[in-house]
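Some notes on the structure that comes next.
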């Protein structure tokens, strides 16, 4: 290790065991929040994307409205509405839901899930709508039912078209999750804010956390590149 | 009309702050984007390296973290420089880092990186024949850039700029976290004081929706203007 780094590390009192524990706890919270909201968001988004392509206006218009509202307003406002609003729902304080939503984690999870589901729905809507007509006709000619067609033909090819945009959405979500710290969740950013105010060391606290976020981002980019290669293997030149 | 319990004027002032913040950040982002796109396309290895480090770092770090680093760290840095200048040269220089400046700098810096990608792609889409023709007519480098590259590049860049602007507009909400009294901040204070979150946050959300809708129309108009004279294929 270069000498100036060793010298600096010895002279610093910010990066001690307690700081690392803070960052670790923050990392756990961030990963939990982002992972759960992405998984639930994806599970919600795929049926919504299929219905969004429905020819009936009373099915596709409400879903359009949902995605329009959630994509057109800042996530921070959605978080505030859910976090502050949930306590105002009449009678909720008497039900068991109150025990869940009293913790800031769950309102944040709900806000993030609704937000990512809206973006993911639009990504998959586009990918499904772009299915070549010939593929569907061929599937019909083979006598496949609507569901079988969806499962074997439409969704796999839509997934290939959607993977790049979805990778961007995942990274966007990781970065957007930093606002969880404003509703008192100690995620990575929240940990950095605590470390900053304890030591009054803005550079160490925020550059430290920026490096962790960067590592997570590049990990995701790498994982999605692998997935993309796997899904698009049939398009690669033969041999090589 | 809805009764905003006397917070109406302050919310309107906050909305103006939001718009000012967004427009100034956009300006900075466009300048930074053009500069770093030029750097990425230049033959200078140092400039290319610098520009790609910039865009990679920005895309790896959350906006909020960058904003806090700049806001809290920027002041410490200014204080240190100010002390140093005063001790060594007795120059009295000081800048107060307020949330507005930090917000403009951060958002401009972040979206500059995204704009760089947009501009880079757009510059590459201009045919080399056009540039060669301009040079053959004896245009200087600056003239080629100004009269040939920019007008033709804009056509390809506009959709990307439009998308970035829509995201930028929503990102301005984050500056309320470091204490800027924009409409989000006013709404939050009002919602806490009056214990009625829906009353204040839903109008603010509606303002954001209105702003995105208006800018969508404006971008469409710009796009039509930029594409004047381009024969488009049918269906």
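Between segment B:25-85 and segment A:215-240, the alpha-carbon centres lie 30 Å apart. Helix A:75-85 axis versus longest C-alpha principal axis of chain A: approximately 80°, rounded to the nearest ten. Assuming R0 = 22 Å, what is the FRET efficiency of residue B:90 and residue A:203, from their Cβ-Cβ distance, to the nearest 0.05? According to the calculation, E is roughly 0.25. Take the Cα of residue A:66, step 7 Å toward its Cβ, do the same at residue A:87, and the gap between the two points is 2.8 nm. Taken residue by residue and averaged, Cβ atoms of other chains lying within 10 Å of the Cβ of A:75-88 number 6. When chain A is treated as a Gaussian network with alpha carbon springs shorter than 10 Å, the biggest mean-square fluctuation among A:95, A:131, A:73 belongs to A:95. Once you divide the Cα radius of gyration of segment A:43-150 by 2.2 N^0.38 Å, the number left is 1.41. The mean of 1/r over all distinct Cα pairs in segment B:1-77, once inverted, gives the Kirkwood hydrodynamic radius of 15.7 Å. From the P(r) of segment A:12-233, could you give the percentage of C-alpha pairs in the tail past 30 Å? Result for the distance tail: 37 percent.
The orientation-averaged projected area of the convex hull spanned by the Cα atoms of chain B comes to 19.1 nm².
Counting, for every residue in B:18-30, the Cβ atoms of other protein chains within 10 Å of its Cβ and taking the mean gives 0. Projected onto planes of every orientation and averaged, the convex hull of the alpha-carbon atoms in segment B:61-148 covers 9.3 nm². Fully extending the segment from residue A:172 to residue A:32, taken as 0.36 nm per residue of separation minus the present Cα-Cα distance, adds 48.8 nm. Computed on segment A:17-94, the Cα convex hull volume stands at 152 Å³ per residue.
Modelled label positions at residue A:7 and residue B:146, each set 7 Å beyond Cα in the direction of Cβ, lie 5.0 nm from each other. Highest mobility in the GNM of chain A, judged by mean-square fluctuation with C-alpha springs under 10 Å and restricted to A:72, A:126, A:91, is found for A:91. Centre-to-centre, using Cα atoms only, segment B:87-163 and segment A:90-132 are separated by 38 Å.
Helix B:197-226 against the longest principal axis of chain B: what's the angle in degrees, Cα atoms only, rounded to the nearest 10? The angle comes out near 10 degrees.
Within 10 Å of the Cβ of each residue in A:61-71, the mean number of Cβ atoms contributed by other protein chains is 1.
Estimated translational diffusion coefficient (Stokes-Einstein, Kirkwood radius over Cα pairs, 10 °C, 1.306 mPa s) of the protein assembly as shown: 63 µm² per second.
Residue order for B:5, B:170, fewest other beta carbons within 10 angstrom first, comes to B:5, B:170. In degrees, nearest 10, range 0 to 90: what is the angle between the Cα axis of helix B:150-171 and the longest Cα principal axis of chain B? Between helix and principal axis, roughly 20 degrees.
No value in this document is a laboratory result; all are computed from the given coordinates. Keep in mind it's a predicted model, so treat the numbers as computed, not measured. Heads up, the Cβs are rebuilt from the backbone with ideal geometry, glycines too, and the neighbour counts pull from every protein chain shown.
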